[in-house]
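Undergrad: Have a look at this one.
The values are calculated or read from the model by the stated rules, or taken from the named source; none is laboratory data. Just so we're clear, the structure is a prediction, and the values are computed from it rather than from any experiment. Positions of Cβ are generated from backbone atoms using ideal geometry, with glycine treated the same way; all protein chains shown enter the neighbour counts. Heads up: the accessible areas ignore ligands, DNA and RNA and are worked out on the full protein's heavy atoms, side chains in. Shrake-Rupley method; radii C 1.70, N 1.55, O 1.52, S 1.80 Å.
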Amino acid sequence: MLGRAVTASLSISAISPNPLSKSFFFGRVTNAQLSSSSTNPFLTSSTFSWNIRRSSSKSSRMKKSFTTRASAQPLTNADELIDSVETFIFDCDGVIWKGDKLIDGVPETLDLLRSKGKRLVFVTNNSTKSRKQYGKKFETLGLSVSEEEIFASSFAAAAYLKSINFPKDKKVYVIGEDGILKELELAGIQYLGGPTDGDKKIELKPGFLMEHDKDVGAVVVGFDRYFNYYKIQYGTLCIRENPGCLFIATNRDAVTHLTDAQEWAGGGSMVGALGGSTQREPLVVGKPSTFMMDYLANEFGIQKSQICMVGDRLDTDILFGQNGGCKTLLVLSGVTSLSMLQSPNNSIQPDFYTNKISDFLSLKATTV
């Protein structure tokens, strides 16, 4: 059996103290439609909707659902899993590559799945590149992946702003890198900030007042190797002083793979700094939010029950798949070890786990 019953469920609420923003619930698609038309060809053909309710006071509540699942099972029959779904969604860092090094067996595994007629989609929380830039990285690593098969959190940030009809006269302040800027530009959204603010410094003098653009309607925070105090203060002023300014995070990943030698502080560290200074919770558009999952399902016409999410992180990849109603496979080639998975303190259990995606090849051989 590839599906296992849910044994318990629990709902909790977290306070989001933005007095002027809408409250978005990322679990289920309901009634407000998005119809995008921009220069970005990937924002023109999809229509999807969001469950929105207005706050009746100075706070809104964001609801998350958690389920208790049976313990993950080791993957022993790859063919059975492959035959049970139409689409495989892969995380990239820790699954396809580490840093700029391809993980062993990936090309052969992708070729196997394509030969069986499976749709492949690659989803990453890394916002430093646009979809086009990620396409070049795949090509450099010798992988044939089209731009339409790639969904980065940089794209998700731009798509989300389009979905809420972000006002044309408003701007986005970006704490992040080039990928976010390129996706905002393709979506026709004004922006400022980004890597160029990495060289800016604040000279604190008696009576010094830092100015900021009153037309900033959203601050988007992603992974930023040029992060500094200027950006923290500028973003804080926009969020705290501009009425209705949104605080959007591409992801809250604690660590990332900048090289294959060690883990590095992830985008969550930048998001945490703004969260601390503003005392606001961000709206997260990357995994484990279902924004990208809903977008993908509508873009390709995929039934979520026919998707298998493959990732190396429990709290982003696997939770992303579970929130979207998909099958889930954890690979131990990235940040999660077997001991972490089986720890009594871990409540997130995938359907299956295996060492790396190339196990599809060896497990297939042993079951013939």
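Undergrad: Taking a label point 7 Å from the Cα of residue 229 along the Cα→Cβ vector, which residues of segment 165-201 have an amide N closer than 13 Å to it?
TA: 200-201
Undergrad: Around residue 152, with a cut-off of 9 angstrom between Cβ atoms, what is the net charge of the other residues, counting Lys and Arg +1 and Asp and Glu -1?
TA: My count for the surroundings of residue 152 gives +1.
Undergrad: Residue 171's amide H: which non-local residues (gap 5+, or another chain) put their own amide H closer than 5 Å, with H modeled 1.01 Å from N in plane and none for Pro or chain starts?
TA: Residues meeting the amide H criterion: 216, 217, 218.
Undergrad: Would you work out if segment 293-368 is rounded, prolate or oblate? Take a ≥ b ≥ c from the square roots of the eigenvalues of the alpha-carbon gyration tensor; rounded if a/c is under 1.5, else prolate when a/b is larger than b/c, oblate otherwise. Walk me through the numbers before you get to the answer.
TA: Values: a/c = 2.32, a/b = 1.19, b/c = 1.94.
Judged from the Cα gyration tensor, segment 293-368 comes out oblate (a/c at least 1.5, b/c at or above a/b).
Undergrad: Separate question: Step through the residues of segment 128-136 one at a time and calculate ³J(HN,Hα) from phi using the Karplus curve (6.51 cos²θ - 1.76 cosθ + 1.60, θ = phi - 60°), rounding each to whole Hz and writing x for Gly and Pro.
TA: Calculated HN-Hα couplings, in order: 6, 10, 7, 4, 5, 5, 5, x, 5 Hz.
Undergrad: Which of rounded, prolate or oblate describes segment 112-239 when judged by the alpha-carbon gyration tensor and an a/c cut-off of 1.5?
TA: On the way: a/c = 3.62, a/b = 2.07, b/c = 1.75.
Prolate, since a/c reaches 1.5 and a/b exceeds b/c.
Undergrad: Oh, and also: Got a number for carbon plus sulfur as a percent of segment 140-250's accessible area, 1.4 Å probe?
TA: That fraction is 50 percent.
Undergrad: So, one more: For the peptides 179-191, 337-349, what is the packing order when you average, over each peptide's residues, the other Cβ atoms within 10 Å and list the highest mean first?
TA: Taking the mean over residues of other Cβ atoms within 10 Å, the ranking is 179-191, 337-349.
Undergrad: Using the heavy atoms of the protein chains and a 1.4 angstrom probe, tell me the accessible area per residue for segment 69-228 in square angstrom. Could the numbers behind the result be given before it?
TA: Details: 6860 Å² over 160 residues.
In whole numbers, segment 69-228 has 43 Å² accessible per residue.
Undergrad: Additional query: How far is it, in nm, from the label point at residue 340 to the one at residue 116 when both lie 7 Å from their Cα along the line to the Cβ?
TA: With each label point 7 Å from Cα toward Cβ, the separation is 2.7 nm.
Undergrad: A further question follows. Can you tell me how segment 234-339 classifies by the Cα gyration tensor, rounded, prolate or oblate, using a/c under 1.5 as the rounded cut?
TA: Judged from the Cα gyration tensor, segment 234-339 comes out oblate (a/c at least 1.5, b/c at or above a/b).
Undergrad: What aspartates and glutamates sit close enough to residue 170 to cross-link, taking a C-alpha to C-alpha distance under 15 Å and skipping anything fewer than 8 places away on the same chain?
TA: 185, 213, 215, 241
Undergrad: Here's something else I'd like to know. Hey, which of these cross-link pairs are over 25 Å Cα-Cα: 132/162; 132/214; 101/304; 129/200; 136/182? Working shown, then result.
TA: On the way: 132/162 19 Å; 132/214 32 Å; 101/304 31 Å; 129/200 22 Å; 136/182 15 Å.
Violating the 25 Å Cα-Cα cut-off are 132/214; 101/304.
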